[in-house]
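Report on the following structure.
Derivation of every value follows stated rules applied to the coordinates shown; laboratory data play no part. This is a predicted model, so every value here is computed, not measured. Note: ideal-geometry Cβ built from the backbone for every residue, glycine included; neighbour counts use all protein chains shown.
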Amino acid sequence: MKPRVRFAPSPTGRLHIGNIRTAALNWLYARKHGGHFLLRLDDTDTARSTDEFAQAIRDDLEWLGLTWDADARQQDRTARYDSMAAAFKASGVLYPAFETEEELDRRRKRQLAMHRPPIYDRAALKLSESEIAEKIAEGRKPHWRFRLPNTANGTGLAPQPTLVSWNDLIRGDQTVDLGSLSDPVLIREDGTYLYTFTSVIDDIDFGITHIVRGEDHVTNTGVQLALFEAAGATPPAFGHHSLLIGADGQALSKRLGALSVQSFRDLGLEPMAVLSHAALVGTSDAIEPLASRDALAEKLDFEKISTAPGRFDVEELKSLNGKLLHMLDYGDVAERLHALGVTGGETFWNAVRGNLEVLSDARLWWDVVTGDIEPVIEDAKMTVAAADALPSEPWSENTWSEWTAAVKSRTGAKGKALFHPLRLALTGRESGPELKSLLPLIGRDRVLSRLEGKRA
């Protein structure tokens, strides 16, 4: 069976590097195995979910090349959730509870004071039908809890150790003890649904076969496996990847806004550089630039993903971006270079690509080649001698070595004393592409003017 996977962000903000990693792993898995990739917007949080963020998510995924085979929004599926909720209520799997947050907080504190685990005591299950009706008549609205299957033979209220196990695609054998958990709230007082419930219904209805997400969902997976069972459905396979930390070893959670897809786009980074880093960080594979998504998909192997946190470094991403540009052919970037006003063709691209961190840097070097720059005259005697020795055109890549040999013969200068003053005069910069490649592009007239200290 070909896999069916999903990426299910909440449209409450922009996608960040953690989201990208999850999306990439799912998309690449589907791509590698000829499967189906669903974009599902988990937008049950109506107060925070916006159409603007929903569109931004789509835009970011399209920029990354993570196209989807189908999409869905949970806001469009309320009738289906209502139907399943009614069935769960009728079977007693969902039960009403009326405690306020303040009441629950006081109970948790008492339990902790008595050295007991602070889990819900199922007091609501002791309410009679008349007591429930009375509370509703008073205007109190219930929230609805899922009764975890953690009591002996389903009787009694006291939770018993109840192990739920699965063979995780990434982490191997995993176990969650339902006896240590509170019955989760699945429906809020206002009637809106929580992710834990809607996600399971969606995964059933859309035939999801594999779920790959962050390790912060491991406990939630134990609960959802119980929900799949309550719904009479076969659960998908689960995989939980480690979370990311920064280069300093600290959690990224407080800095995710600065690590959004939009921030990477603003930096001028290449989509494949971002994808390569997101997919390979925290794996046994070296983080290297890959020019195509298919090549990246072929490298995907869940067994290579470490259970230790992946270390994300923006500077490493920038370096990776430069390496990717260095390996791109002119045909890969021709249209974008023209859009930047760079018309030097393949010759210019081959000359400068090894010195680019982002593609827009090509425009800076095009200005050096064709525009007016302020030359830096470090050694006037050197530049005068160089001007006198300047050969006639036409020029080739051999011209640089022939010219500098002549200058060396005239001045006795060699090494840095020879090359550094010439680079400063010709480019105004301390470093850059090889001058043997730039020299023919700059041209004799402009070179001569710059050697004379003239802006050209």
(message) Sorting check: for 414-421, 441-448, 54-61, which peptide has the highest mean count of neighbouring beta carbons within 10 Å, and how do the rest follow?
(response) 54-61, 441-448, 414-421
(request) Write down the radius of gyration of region 380-451 and its Dmax, each obtained from C-alpha positions, in Å. (result) 10.8, 27
(message) What lysines does Lys408 reach when the alpha-carbon gap must be under 18 Å and sequence neighbours fewer than 8 apart in one chain are set aside?
(response) Lys381, Lys416, Lys436
(message) With unit charges on the beta carbons (Lys and Arg positive, Asp and Glu negative) and the dipole taken about the Cα centre of region 245-327, which residue among Leu275, Ile245, Gly322 sits farthest to the positive side?
(response) Ile245
(request) Starting from the eigenvalues of the Cα gyration tensor, five times each then square-rooted, give me the equivalent ellipsoid semi-axes of region 330-370, largest first, whole Å. (result) 12, 11, 10
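Could you calculate the FRET efficiency of Ala339 with Arg429 from 1/(1 + (r/R0)^6), where r is the beta carbon distance between them and R0 is 30 Å, rounded to 0.05? Before the final figure, lay out each step's value.
On the way: r = 24 Å, r/R0 = 0.81.
Once rounded, the FRET efficiency stands at 0.80.
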(message) Between Arg80 and Ala406, what's the calculated FRET efficiency when r is the beta-carbon distance and R0 is 56 Å? Round to 0.05.
(response) 0.10
(message) Once you place label points 7 Å from the Cα toward the Cβ at Ala87 and Ser360, how far apart are they in nm?
(response) 5.3 nm
(request) Classify the chain as rounded, prolate or oblate, taking a ≥ b ≥ c as the square roots of the eigenvalues of its Cα gyration tensor: rounded when a/c is under 1.5, otherwise prolate if a/b is larger than b/c and oblate if not. (result) prolate
(request) Treating the angle as unsigned and between 0 and 90°, give the value, to the nearest 10°, between the Cα long axis of helix 17-32 and the longest Cα principal axis of the chain. (result) 90 degrees
(message) I'm checking a number: the convex hull volume of the Cα atoms of region 16-80, normalised per residue, in Å³. What is it?
(response) 95 Å³
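Relative to the present Cα-Cα distance, how much length would full extension add between Ala158 and Arg455 at 0.36 nm per residue of separation?
Details: separation 297, 0.36 × 297 = 106.92 nm, distance 8.55 nm.
Value of the extension gain: 98.4 nm.
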(message) Quick check: the angle from helix 361-370's long axis to the longest principal axis of the chain, C-alpha only, nearest 10 degrees?
(response) 20 degrees
(request) Give the distance, in whole Å, between the Cα centre of region 300-374 and the Cα centre of region 47-87. (result) 34 Å
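Relative to the Cα centre, what is the charge dipole magnitude of the chain, using +1 at the beta carbon of each Lys and Arg, -1 at the beta carbon of each Asp and Glu, and rounding to the nearest 20 debye? Don't skip to the answer; put the middle values down first.
Values: 55 positive and 65 negative charges, 138 e Å.
The dipole magnitude comes to about 660 debye.
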(request) Rounded to the nearest 10 degrees, what's the angle between the helix 101-113 long axis and the longest principal axis of the chain, both from Cα atoms, 0 to 90? (result) 90 degrees
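Report the FRET efficiency, 1/(1 + (r/R0)^6), for Lys381 and Arg48, where r is their Cβ-Cβ distance and R0 is 51 Å, rounded to 0.05. Each step should come with its number before you reach the end.
Values: r = 69 Å, r/R0 = 1.35.
Rounded to the nearest 0.05, the efficiency is 0.15.
Please state the equivalent ellipsoid semi-axes for region 125-249: what are the square roots of 5 times the Cα gyration tensor eigenvalues, largest first, in whole Å?
Working: eigenvalues 187, 63, 48 Å².
Working from the Cα gyration tensor, I get semi-axes of 31, 18, 16 Å.
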(request) Can you tell me the relative contact order of the chain? Whole percent, Cα pairs under 8 Å, sequence separation 6 or more. (result) 13 percent
(message) For region 80-168, take N as its residue count and report Rg(C-alpha) divided by 2.2 N^0.38 Å.
(response) 1.26
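Per DSSP helix of 4 or more residues, -39500 (n - 2.57); summed, then divided by the residues of the chain. What does that give at 222 nm, rounded to the nearest 500? Each step should come with its number before you reach the end.
Details: 19 runs with 205 residues, N = 456.
That comes out to -13500 deg cm²/dmol.
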(request) Please give the residues of region 5-19, grouped as numeric ranges, whose backbone N is less than 11 Å from a label point set 7 Å along the Cα-to-Cβ vector of Asp71. (result) none
